2 protein chains.
Amino acid sequence: MSAEETQLLIRRIKEGTVIDHIKAGEALQVLDILGITGKEGEIVSVAMNVPSSKIEKKDVVKVANRFLKTQETDKLALVAPQATVNIIRSYKVAEKRKVELPDTFIGLLKCPNPTCISNMKAEPIVPTIDVVDKETPLLKCRFCQRLISPSEFRT
Amino acid sequence: MSAEETQLLIRRIKEGTVIDHIKAGEALQVLDILGITGKEGEIVSVAMNVPSSKIEKKDVVKVANRFLKTQETDKLALVAPQATVNIIRSYKVAEKRKVELPDTFIGLLKCPNPTCISNMKAEPIVPTIDVVDKETPLLKCRFCQRLISPSEFRT
C-alpha cells in the first residue's frame, strides 16, 4: 500500500482535528487520554498500523468538527510524543502542531492518588500536576507530591 | 453527510472482515471483545458515529487481511447484537453473517471468577460458558456455576 493510499484509508475531514504519526498500535491510548470513547457522539475515525512515509507504520485519529485546544493536545505528549496535530478547516491544514509537554498541567489531568486533596469533592481545588522530567517523562502532583508516570493517567 | 459518503469515511478493504451496523459509540467495546488492541499489527480502521441508512448513527470496524471465524463473531452478540459481519474477498462481500449467541462458548471466553477451576493454570480445562438466557442475555460458567452478565467479559 502506498503512502497515498494510506492517506485514504480513512477519509479526509472538512473541519476538525487530525492526530497523525501516532506510533503504530497506540491509537486507543490516544483516544483514552483525550477522553474519547465514542459515546460523546462525535464523528471519529481511527486507522491502525497503516504504512507511513515518515515512520514504518503508524496510527491516525481524526475527530470531525472539533478543534482540539493546545492544552488538550499537549496531553498527547504523555502517550504519543512523536504525534503531530493538524487543525483542519475547509479540508486544509489551518494549523500544524507538535505535541509538547508543558511545565505544568492545570486542570487537565486528575491525580491518580485517590486520597489526594485535589480529588476530594468538598475542596474547590484545580488539579495541578508539574512535569518534573520531560525526558522520562515523570510528573508530580503539586498537592500530594506523588510522583506519577504517564501510564497512571490511563483509565 | 449522505450514506454513500459514510461508506467512504473509512476505505473499502480488499480482503478482510467488516463489522457494520454497530450501535453508535460501541466500536471500542467491539475491539475489546475481539481482543483487538492495535498491538497485533493488523491494519484496522474504525469509524464512530457516522450516519447510516438503516439506523440513525452507527459505528463500523474493518479488519484487513483477517477473516474472523463465526465463533469469534458470535462473541459480538454480547456487546453488539445488532451488528452485521461481512467477509470481504477481492473487494466483494463473500459472506454475510448476523451475529448470534450460540448455546455455549467453548474456549472463547474466560470465566470472570478468578478462583474458578477453569482459570487455574495447573488444570488443562477448556473454559465452557453456557448461554442460559439469550434475551437478557445471561451466561453461566459450566465449572463454577457463576452467572455472568456480558459486561463482565470486558477487559
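The values are calculated or read from the model by the stated rules, or taken from the named source; none is laboratory data. No experiment lies behind these values; they were computed from the predicted model shown. Positions of Cβ are generated from backbone atoms using ideal geometry, with glycine treated the same way; all protein chains shown enter the neighbour counts.
Please find, among A:I55, A:I10, A:I36, A:I22, the residue that is at pLDDT below 90, buried (at least 16 other Cβ atoms within 10 Å of the Cβ) and among the aliphatic types (A, V, I, L, M).
Numbers: A:I55 fails: buried (at least 16 other Cβ atoms within 10 Å of the Cβ); A:I36 fails: at pLDDT below 90; A:I22 fails: at pLDDT below 90.
The match here is A:I10.
Does A:D74 count as out of contact with any Pro (no Cβ under 7 Å at 6 or more places or on another chain), surrounded by 14 or more Cβ atoms within 10 Å (Cβ to Cβ) and under 20 Å from A:I36 (Cα atoms)?
Values: out of contact with any Pro (no Cβ under 7 Å at 6 or more places or on another chain): no; surrounded by 14 or more Cβ atoms within 10 Å (Cβ to Cβ): yes; under 20 Å from A:I36 (Cα atoms): yes.
Criteria not met by A:D74.
Can you pull out every residue in segment B:83-103 that is among the β-branched types (V, I, T) and crowded, with 16+ Cβ neighbours inside 10 Å? Answer for segment B:83-103, where residues must be among the β-branched types (V, I, T) and crowded, with 16+ Cβ neighbours inside 10 Å: B:T84, B:V85, B:I87, B:I88, B:V99. The residue that is farthest from the other protein chains (Cβ to nearest Cβ), among those in segment A:23-40 that are under 25 Å from B:P51 (Cα atoms) and in contact (Cβ under 8 Å) with a residue 24 or more places away in the chain, is A:L34. Can you tell me which residues in segment A:78-97 are under 13 Å from A:H21 (Cα atoms) and part of a strand (DSSP E or B)? Matches in segment A:78-97: A:T84, A:V85, A:N86, A:K96, A:R97. All conditions but one from (1) in contact with a Phe, Trp or Tyr (Cβ under 9 Å, 6 or more places away or on another chain); (2) more than 14 Å from chain B (Cβ to nearest Cβ) apply to A:K98; the one that does not is (1). Within segment A:98-122, the set of residues being free of Cβ contacts under 8 Å to residues at least 24 places away in the same chain and in a loop (DSSP other than H, G, I, E, B) comprises A:G107, A:P114, A:M120, A:K121, A:A122. Checking the stated criteria, B:E100 turns out to be of a type in the set (D, E, K, R), over 22 Å from B:E56 (Cα atoms) and in contact with a helix residue (DSSP H, G or I) (Cβ under 7 Å, 6 or more places away or on another chain). Just to verify a result, which residue in segment B:48-76, among those that are within 12 Å of the chain's Cα centre (by Cα) and in a loop (DSSP other than H, G, I, E, B), is farthest from the other protein chains (Cβ to nearest Cβ)? Ranking the qualifying residues of segment B:48-76, first place goes to B:K69.
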